């Protein structure tokens, strides 16, 4: 059942974030457990010219930043708990922290694909899809109704923060 206060765009955003999380957790874990990359049909020669001699470090980055972070965002994007500590890296204080971190996730995914392109020198279909997926998350995150939903209202009288 769709909540009256949550718009379909919110559910779509959460779906995209969850899908990103699952894909990156799988890919990252595969790279960590098999640093040769063979389980993902990645050739070790793709790392030539980079600072990596195995897929373990890229796997850790993928697992933590593009897998675990989006996974942690699913609950807050739906229920907006007041976890004040999470505002520590929120550069958009007028917006709920999970919205900002979703924006970060989209940007990191786009940057991740661009770094791969710079290291490898070519782009596979999977990388192209990942880059487009990052752009899609970015677009949905920046949609006006999504932004309004995560906008934080400040009350100057008692300095409390409430969320719509």
Tally of residues being modelled with pLDDT of 90 or more and over 24 Å from the mean Cα position of the chain (by Cα) across the range 38-49: 1
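Condition check ((1) under 25 Å from residue 137 (Cα atoms); (2) surrounded by fewer than 17 Cβ atoms within 10 Å (Cβ to Cβ); (3) in contact with a helix residue (DSSP H, G or I) (Cβ under 8 Å, 6 or more places away or on another chain); (4) touching a residue at least 60 places away in the same chain (Cβ under 8 Å)) across all residues:
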residue: 7; (1), (2), (3), (4): yes, yes, yes, yes
residue: 24; (1), (2), (3), (4): yes, no, yes, no
residue: 30; (1), (2), (3), (4): yes, no, yes, no
residue: 37; (1), (2), (3), (4): no, no, yes, no
residue: 40; (1), (2), (3), (4): yes, yes, yes, no
residue: 58; (1), (2), (3), (4): yes, no, yes, no
residue: 64; (1), (2), (3), (4): yes, yes, yes, no
residue: 69; (1), (2), (3), (4): yes, no, yes, no
residue: 75; (1), (2), (3), (4): yes, yes, no, no
Only listed residue being in a loop (DSSP other than H, G, I, E, B) and more than 11 Å from the chain's Cα centre (by Cα), chosen from 58, 35, 76: 35
The range 125-164, subset assigned to a loop (DSSP other than H, G, I, E, B) and either surrounded by fewer than 14 Cβ atoms within 10 Å (Cβ to Cβ) or within 14 Å of the chain's Cα centre (by Cα) (or both), residue modelled with the highest pLDDT: 142
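The values are calculated or read from the model by the stated rules, or taken from the named source; none is laboratory data. In this text the structure is predicted, and so the values were computed from the model without any measurement. Here the Cβ is made from the backbone with ideal geometry for all residues, glycine too, and neighbour counts use every protein chain on show.
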